[in-house]
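Engineer: To start, I am sharing the structure in question, which I have written as structure tokens.
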Amino acid sequence: MQNLLEIGQIVNSYGIKGFFKVVPFTDNITRFNDLKTIYIEKNKKLEEKEIEEVKYHKNLVLLKLKGIDDINQTLEYKNCYIKIDRKNAVELPKNSYFIIDLIGMEVYTENEELLGKITDVFPTGSNDVYVVKDELGKQILLPAIKDVIKDVNVTDKKMIVHLLEGMV
């Protein structure tokens, strides 16, 4: 299990006083209000930064970090990812998971037949869909619904599924 979770991406600067425009990767964007520090991944290195101010504009987070006070400094971080310690993550409801914990998880049928590993997760509105690929590259799309997903073990990176008629 990874200790850092991606919660957004810096897509641009905002104004001239050192604010970042951040696309959030979280369902509840106001969760940025609860954070004191973040990590920015820049050139494959992590920089810990203290949050000075948080604002919201449309579906974006406007983030001001201590020590970054002008537009020129913000441009250095364009397209960088924002991460937080797992201990600062929101508590998920039962049967909800962080995507990072699902990626790479082995998926088995109820008969212990290996279908492959989860390579991607995408939302469809009503539920997420898990993309499962086997070693030959064959892909199966599994809806994240109770009728299909029977057991998820994040610690062992193993999922048990029930395949509905027509899925494979």
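Read the figures in this text as sums done on the coordinates, not as results from a lab. Just so we're clear, the structure is a prediction, and the values are computed from it rather than from any experiment. Backbone-built Cβ (ideal geometry, glycine too); neighbour counts: all protein chains shown.
Engineer: Give me the distance in nm between label points sitting 7 Å out from Cα along the Cα-to-Cβ direction at Asn111 and Lys133, one decimal.
Structural biologist: Output for this residue pair reads 2.6 nm.
Engineer: Now, a different point. Using Cβ counts within 10 Å as a stand-in for footprinting exposure, how do His57, His162 rank, fewest first?
Structural biologist: Lowest to highest Cβ neighbour count: His57, His162.
Engineer: What is the Cα convex hull volume of the range 82-146 when expressed per residue in Å³? Walk me through the numbers on the way to the answer.
Structural biologist: Values: hull volume 8.3 nm³, N = 65.
Considering the Cα atoms of the range 82-146, their hull volume per residue is 128 Å³.
Engineer: Counting helices only, and only those DSSP H runs with n ≥ 4, report the 222 nm mean residue ellipticity of the chain as the sum of -39,500 (n - 2.57) divided by its residues, in deg cm²/dmol to the nearest 500.
Structural biologist: Dividing the helical sum by the residues of the chain leaves -1000 deg cm²/dmol.
Engineer: Quote the relative contact order of the chain in percent (integer), defining contacts as alpha-carbon pairs under 8 Å separated by 6+ residues.
Structural biologist: The value is 19 percent.
Engineer: What percent do you get for the relative contact order of the range 99-161 when only Cα pairs under 8 Å and 6+ apart count?
Structural biologist: 32
Engineer: Roughly how many debye, to the nearest 20, is the charge dipole of the range 4-87 about its Cα centre, given +1 on each Lys and Arg Cβ, -1 on each Asp and Glu Cβ, and no other charges?
Structural biologist: Approximately 140 debye in magnitude.
Engineer: Something else about it: Roughly speaking, what is the stretch gain from Lys55 to Lys36, that is 0.36 nm per residue apart minus the C-alpha to C-alpha distance, in nm to one decimal?
Structural biologist: Result for the pair: 5.4 nm of gain on full extension.
Engineer: Take the alpha carbon atoms of the range 1-73, find their center, do the same for the range 87-162, and report the distance between the two centers in whole angstrom.
Structural biologist: For the range 1-73 versus the range 87-162, the Cα centre distance is 29 Å.
Engineer: Greater than 22 Å separation of Cα atoms is the criterion. Which listed pairs, Lys49/Lys87; Lys44/Lys83; Lys94/Lys138; Lys94/Lys150; Lys44/Lys94; Lys55/Lys83, meet it?
Structural biologist: Details: Lys49/Lys87 17 Å; Lys44/Lys83 12 Å; Lys94/Lys138 31 Å; Lys94/Lys150 13 Å; Lys44/Lys94 33 Å; Lys55/Lys83 18 Å.
Correct reply: Lys94/Lys138; Lys44/Lys94.
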